[in-house]
1. Within segment 107-119, which residues are among the aromatic types (F, W, Y) and surrounded by 21 or more Cβ atoms within 10 Å (Cβ to Cβ)?
2. Within segment 188-216, track down each residue that is within 18 Å of the chain's Cα centre (by Cα) and over 23 Å from R132 (Cα atoms).
3. Name the residues in segment 168-193 that are closer than 27 Å to E84 by Cβ and either modelled with pLDDT of 95 or more or within 13 Å of ligand 2 (Cβ to nearest atom) (or both), would you?
4. Taking L60, is it hydrophobic (A, V, I, L, M, F, W, C) and open to solvent by 20 Å² or more (accessible area, probe 1.4 Å)?
5. Evaluate the following for I122: is it touching a residue at least 60 places away in the same chain (Cβ under 8 Å) and either surrounded by 21 or more Cβ atoms within 10 Å (Cβ to Cβ) or over 13 Å from the mean Cα position of the chain (by Cα) (or both)?
6. Residue pairs, Cβ under 6 Å, 6 or more apart or interchain, first in segment 144-170 and over 18 Å from A59 (Cβ atoms) and open to solvent by less than 50 Å² (accessible area, probe 1.4 Å), second outside any helix (DSSP H, G or I) and of a type outside the set (D, E, K, R). List them.
7. Based on this model, can you work out whether K207 counts as open to solvent by 40 Å² or more (accessible area, probe 1.4 Å), assigned to a loop (DSSP other than H, G, I, E, B) and not acidic (D, E)?
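The values are calculated or read from the model by the stated rules, or taken from the named source; none is laboratory data. Being a predicted model, the structure only gives us computed values, none of them experimental. FYI the Cβ positions are ideal-geometry reconstructions off the backbone, even for glycines, and counts take in every protein chain you see. All accessible areas refer to the heavy atoms of the entire protein, side chains included, with ligands and DNA or RNA removed. Shrake-Rupley method; radii C 1.70, N 1.55, O 1.52, S 1.80 Å.
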Amino acid sequence: MGLLIPLLGLRDALLAAPLFIGLERALPKERGQKLLRPDWVNDAAYLIFNRWFISFGTALLLLPVLAYPLVPASVRAAVGAQNEWLQVFEIVVLADFFFYIAHRAFHTVPWLWRFHAIHHSIEHMDWLAGSRVHPIDQILTKGGSFVPCIVLGFSNEALATYATLYFLHSVLLHSNVRISLGPLRWLIAAPQFHHWHHSREPEAWNKNFAGQIALFDVLFGTAYMPSGQWTKAYGIDDPVPHTYVNQLAYPFRSERNRLEIPAE
Ligand SMILES: [Zn+2]
Ligand SMILES: [Zn+2]
């Protein structure tokens, strides 16, 4: 079974590619950006192979939690018996609240930032770019937001629907598309919101942490979206290397070693 996990990544790619490449052609943010832009092979490696690490890592996180009856069986039964779409809505709110906290911690705690710097090394935003997340980053942020929902007793169907919705939403946020949600952009995370999160411009640093519900950033005072404007440059100054294996190793190197990595 373990060997088949990358096939799930391939399935995700086949699901997302036609949908979002079509959208990028119809409503491009950057006109003329190539489909096979720099670093696309690296980001495709993330989409396909990261599944291994994430599946095993999340399973490890679940083991101790499921061993304890943290939530009374009656509560779990009541949660799982609700209408499936109501459950999906509740999961989105709950999971994104925990995602906001975890994501903000990855920006503010220096040893966590080393892992998250990989995601922020993206310099070309498109449907594939968001796959570039260090497995440790993904396990802790996804596990931190997903495990509470599993423990609370949401049904497998609702959790599976949420997982698909989250994946598609995440691909959309990084896509090279210029769509506007009007005033709803302060409620629901859209590409303009997350593109600012990846901005090189200092006024946008440490802003827009939410994964799906922009309202969390409004409530916690971290929202940044100048009306009608998009960021012009993406990336960070940290010396992040450009290939999958070197990026996996990057957070574990000493600070001196990280600074000495030659440009590839
Ligand atoms: Zn971030
Ligand atoms: Zn991102």
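1. Listed by number, the list holds a single entry, F115.
2. L215, F216, listed by residue number.
3. Those that are closer than 27 Å to E84 by Cβ and either modelled with pLDDT of 95 or more or within 13 Å of ligand 2 (Cβ to nearest atom) (or both): H169, S170, V171, L172, L173, L184, L187, I188, A189, A190.
4. For L60, the condition - hydrophobic (A, V, I, L, M, F, W, C) and open to solvent by 20 Å² or more (accessible area, probe 1.4 Å) - is met.
5. Here the answer is yes, as I122 does meet what is asked.
6. Qualifying pairs under 6 Å: H169/Q212.
7. yes
Each row is one residue, and each column tells you yes or no for (1) within 14 Å of ligand 2 (Cβ to nearest atom); (2) part of a helix (DSSP H, G or I).
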position	(1), (2)
V75	no, yes
W111	no, yes
I118	yes, yes
W127	yes, no
